[in-house]
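I have a structure I would like to understand better, so I am pasting it below and will then ask my questions one at a time.
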Amino acid sequence: MDPIKILIFCAVFALLIFLGRLLSASAEVHAHELPHDGASTTSTPAILADEHQEPGEVLTGAEVGLPFTLPPVRQDEKGRFNRPYYSNYYFAKTDLVRGPADPDSFCDELFLVAQDPGSDHTWEAKYVVVTPAGLQKLMSDEQFASVYFDDPVVIVAHWDLALILRTVIEEDLKRYGSSAAQVTQT
């Protein structure tokens, strides 16, 4: 084989690898770059965030924080953790600070980003959050005779971010296998 052809091939291959990493890194968010959920937060940061929010800017849960306190992450004698880290949450369409246009009638998807403390494995769970009036509106607007959701559904009477998150996280903790890790009101 011709050494020049091998050298050119290696240079082109390295360039493609470099370009691929460069393009993928621009859309990547690493868990260590997100705020840690261990700090106690209240609904005050959401109010303060709204005052500084630019028009059209949408905040995520990593910026707003949780409206309640979670127990600290602990490892038991068998090496299992009581809960994952919750690094972010957000709705597909609804602004966390402003809420939906009609707090009594909405339907949206909530995404909860979690990380296993032992393996640093990160996953994103999706939930459908809906009010009875929002479900009725969805069915009327789309002329659905029935609705089937692939994702877990949380039905609330009206927009209450703390209640929605508490419900979702408590169910997530049950699936995680932690009965001792319960959220507390702050």
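Every read-out reported here was derived from the displayed coordinates using simple, explicitly stated rules and does not represent laboratory data. The shown structure was predicted, so the numbers you read here are calculated from the model rather than taken from an experiment. As a convention, Cβ positions derive from the backbone with ideal geometry for all residues, glycine included, and neighbour counts pool all protein chains shown.
Given R₀ = 25 Å, what would the calculated FRET efficiency be for Ser146 paired with Glu170, taking r from the Cβ atoms and rounding to 0.05?
The value I calculate is 0.30.
Right, here's the next one. Once fully extended, how much extra length lies between Ile8 and Ala133, figured as 0.36 nm per residue of separation less the alpha-carbon to alpha-carbon distance?
Between Ile8 and Ala133, full extension yields 38.6 nm more.
Set the Förster distance to 45 Å, then compute FRET efficiency between Arg21 and Glu77 from the Cβ-Cβ distance, nearest 0.05.
0.65
Shifting gears a bit: Give, as a single signed number, the net charge of other residues whose beta carbon lies under 9 Å from the beta carbon of Gly134, with Lys and Arg counted +1 and Asp and Glu -1.
-2
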